[in-house]
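Working notes, structure below.
The values are calculated or read from the model by the stated rules, or taken from the named source; none is laboratory data. Remember, it's a predicted structure, so these values are computed and weren't measured experimentally. Cβ sites come from the backbone with ideal geometry, for glycine too, and all protein chains shown count toward neighbours. Accessible surface is based on the protein model in full, side chains and every heavy atom, while ligands, DNA and RNA are left aside. Shrake-Rupley method; radii C 1.70, N 1.55, O 1.52, S 1.80 Å.
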Protein chains: 2
Amino acid sequence: MEHPENSTEYKGLTVNSGVAQPSIVNPYLKKGRFRHHQLSANDYVEGILKGNVTILGQAVTLVESTNPDHQSIAQEVIEKCLPHAGHSVRIGISGVPGAGKSTSIDAFGIHVLEAYGGKLAVLAIDPSSERSKGSILGDKTRMEKLSVHPDSFIRPSPSAGSLGGVARKTRETIILCEAAGFDKIFVETVGVGQSETACHSMVDFFLLIQLAGTGDELQGIKRGIMEMADGIVINKCDGNNVDKCQLAATQFRNALHLFPAPESGWMPQVLTYSGFYNLGIKEIWDMVFKYIDFVKDNGYFEYRRNEQAKYWMYESINEQLRNSFFQNKTIALMLENAEEQVLCGKQTSFVAAKKLLDAYFALLH
Amino acid sequence: MEHPENSTEYKGLTVNSGVAQPSIVNPYLKKGRFRHHQLSANDYVEGILKGNVTILGQAVTLVESTNPDHQSIAQEVIEKCLPHAGHSVRIGISGVPGAGKSTSIDAFGIHVLEAYGGKLAVLAIDPSSERSKGSILGDKTRMEKLSVHPDSFIRPSPSAGSLGGVARKTRETIILCEAAGFDKIFVETVGVGQSETACHSMVDFFLLIQLAGTGDELQGIKRGIMEMADGIVINKCDGNNVDKCQLAATQFRNALHLFPAPESGWMPQVLTYSGFYNLGIKEIWDMVFKYIDFVKDNGYFEYRRNEQAKYWMYESINEQLRNSFFQNKTIALMLENAEEQVLCGKQTSFVAAKKLLDAYFALLH
């Protein structure tokens, strides 16, 4: 192995991937030695199309890698998988920490696999996951049943820096999973920031997990997120909590009636359930799949997917334009000064911006 | 006059500006001849600082002009006014067409001037105003009392193309108005799109005008706008409509309790009023000024203004970066093809974006 950092990375990958199907052996591995960096793009594609989750996991690690060589293979793999992707139902699941997301996703996933068959991939978007190098889904033991189910593939959030970067990697991972035959994709987010917008822009249905009670429990959800939801489900509707949850459901229903109906023509539903006691789960997924039928019928499903594809192209362009500007060292130095001038009222925001741009374009020439 | 198009523009300006104080004579005008294009930046600044609304109106027209010579004088004027700006309360007022905005602003403005004194400027952001070349506030006769009040200055939305452009011009106009001694600024928007975000990013308080009734009446307000409001006021609370309005107010209050409290620490209030019968107006403005005291006390007022100044600098940078890219003719041609490739699944959004950017940067070198 020429690059020790690659070796480390590949070890990390081996640890992270493929736990869902521990019995599957990577046919491209020489026994007892970690040599999967020798796989070609075609090897990856072949493995993925056969539904080999070990290879899939390794390909996802390539997607997440910042190494340019890995990126170049990753992009080739993605391009080749693209014609086989798209045939899935993508569900975004959001809710603040404490709402019981892991337990819920475990219950949701098992129900969906048992009731509808097929294969389920659970991914995540959490740009704050740097600290744990594996994010909210890192602790797979919290999805006890799903993590050992033969038809599931669970993958933590990529831990790259920017939201744009993290979201792109998740989006590319969706393509690989779909090509590997996963026809149901869950994308989890933490309900506290911009990740929801990113998640909303890559799923067909956006499900928001809430808790009963006004005040503290709700403070964690950022403004604007509730309005993105295609469905709101109130967790922990069990024991003494049932009345409170049903009251909350009524309140949410009334609130949603004050909002205009979404573009899809679908009126967001509010349901209660208990992830822990496995109550009300069926009703939630009946609702989700009723929505999917509804929007497939009225054409919104395809319309939204097309809009999302365009959105991500423009988002990619904008992000790369911004990076080219803000990561320029000369500009970064000038920026600090410009901000100060604007804050103390010596320069308008526009003039400050204009001066920086003139400098930037002069540097490019 | 050397440039006939300038002459036209200046005539337009003469028609548009200064109606609020028809008695004021521009001292820099030679009698009976339109020669104000000869004013220097210092002449404008001097006139503005004296509170001359005719000069102010002319300066705003320069700000709105796309002529580079005008822009260069405009920017000089703005820079020189900047140290005298900032001492005002800026209120955003939004609501769909039909909510009674003009009548309300007329009543609001007269009340504010009578109860609090000072001077009031009413501006607007409406990027769709191209068609009327004068936008929602163009028909000033709809603000019967305010349009003839000696301490008011009413100015339609700039009619430049992009939202960014329109919003910037409105923001720069605020600076000029403040330097001219206007200590209360209303910024009107139409409640149907992105303009609200722009408006929200330049005001201290965002007031949303709603109507009673679920369903059709509310369909016009875009999702996400309600959550930006610091106060929601329900118009047409008069005659047979009172019960319905009070019910709606209760519903909005309940709905707002489901949202987390805004960063300001202020719980958005919901009030009812009648713009036409002039009922409940005092309570609204007691509320607005209570909010202003509250956020001045807790430091949020200054914090928000600083964040806004920074926001607009970054927004300006991003817009100019985007313009440089998307207005490039070679790129525009490539873009169409790239979009097609992405939509038919031949290329990922990211790869399509990357190719376009590589081409763009190659063109710049």
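Numbers for the structure displayed
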quantity	calculated
Filter result for A:L123 (assigned to a helix (DSSP H, G or I), modelled with pLDDT of 85 or more and either touching a Phe, Trp or Tyr at 6+ places or on another chain (Cβ under 9 Å) or away from every other protein chain (no Cβ under 14 Å) (or both))	no
Top-ranked residue in the range B:325-365 [being over 23 Å from A:S72 (Cα atoms) and at the interface with chain A (Cβ under 8 Å from one of its Cβ atoms); ranked as surrounded by the fewest Cβ atoms within 10 Å (Cβ to Cβ)]	B:H365
Residues located in the range A:335-347, provided they are in a helix (DSSP H, G or I) and farther than 29 Å from A:A167 by Cβ	A:N337, A:E340, A:Q341, A:V342, A:L343
Residue within the range A:252-259 that is at the interface with chain B (Cβ under 8 Å from one of its Cβ atoms), buried (at least 19 other Cβ atoms within 10 Å of the Cβ) and part of a loop (DSSP other than H, G, I, E, B) present	yes
Within the range B:255-281, considering residues that are at pLDDT below 90 and small (G, A, S), the one farthest from B:Y291 (Cα to Cα)	B:A255
Options A:T66, A:T103; residue that is part of a helix (DSSP H, G or I), among the hydroxyl-bearing types (S, T, Y) and away from chain B (no Cβ under 14 Å)	A:T103
Exclusive hit being at pLDDT 70 or above and open to solvent by 40 Å² or more (accessible area, probe 1.4 Å), set A:S162, A:S201, A:S157, A:S195	A:S162
The range A:41-70 - residue that is open to solvent by less than 50 Å² (accessible area, probe 1.4 Å) and farther than 30 Å from A:D106 by Cα and, of those, modelled with the lowest pLDDT	A:N67
Cross-chain or 6+ apart pairs with Cβ under 7 Å, the range B:50-69 first and within 11 Å of B:K169 (Cα to Cα) and in contact (Cβ under 8 Å) with a residue 24 or more places away in the chain, then surrounded by fewer than 23 Cβ atoms within 10 Å (Cβ to Cβ) and of a type in the set (D, E, K, R)	B:V63/B:K169; B:E64/B:K169; B:S65/B:E9
Residue check for B:E319: surrounded by 15 or more Cβ atoms within 10 Å (Cβ to Cβ), among the acidic types (D, E) and modelled with pLDDT of 90 or more	no
Qualifying residue in the range A:294-301 (condition: open to solvent by 10 Å² or more (accessible area, probe 1.4 Å), over 19 Å from A:I225 (Cα atoms) and not in a helix (DSSP H, G or I))	yes
Subset of the range A:325-351 [basic (K, R) and farther than 23 Å from B:A359 by Cα]	A:K346
Condition met for A:K354 (more than 19 Å from B:L356 (Cβ to Cβ) and of a type in the set (K, R))	yes
Residue within the range B:260-281 that is under 30 Å from A:H84 (Cα atoms), within 14 Å of chain A (Cβ to nearest Cβ), free of Cβ contacts under 8 Å to residues at least 24 places away in the same chain and of a type outside the set (K, R) present	no
Residue check for B:Y291: open to solvent by 20 Å² or more (accessible area, probe 1.4 Å) and either under 25 Å from B:R168 (Cα atoms) or touching a residue at least 24 places away in the same chain (Cβ under 8 Å) (or both)	no
Set B:V288, B:V270: member being touching a Phe, Trp or Tyr at 6+ places or on another chain (Cβ under 6 Å) and over 13 Å from B:F205 (Cβ atoms)	B:V270
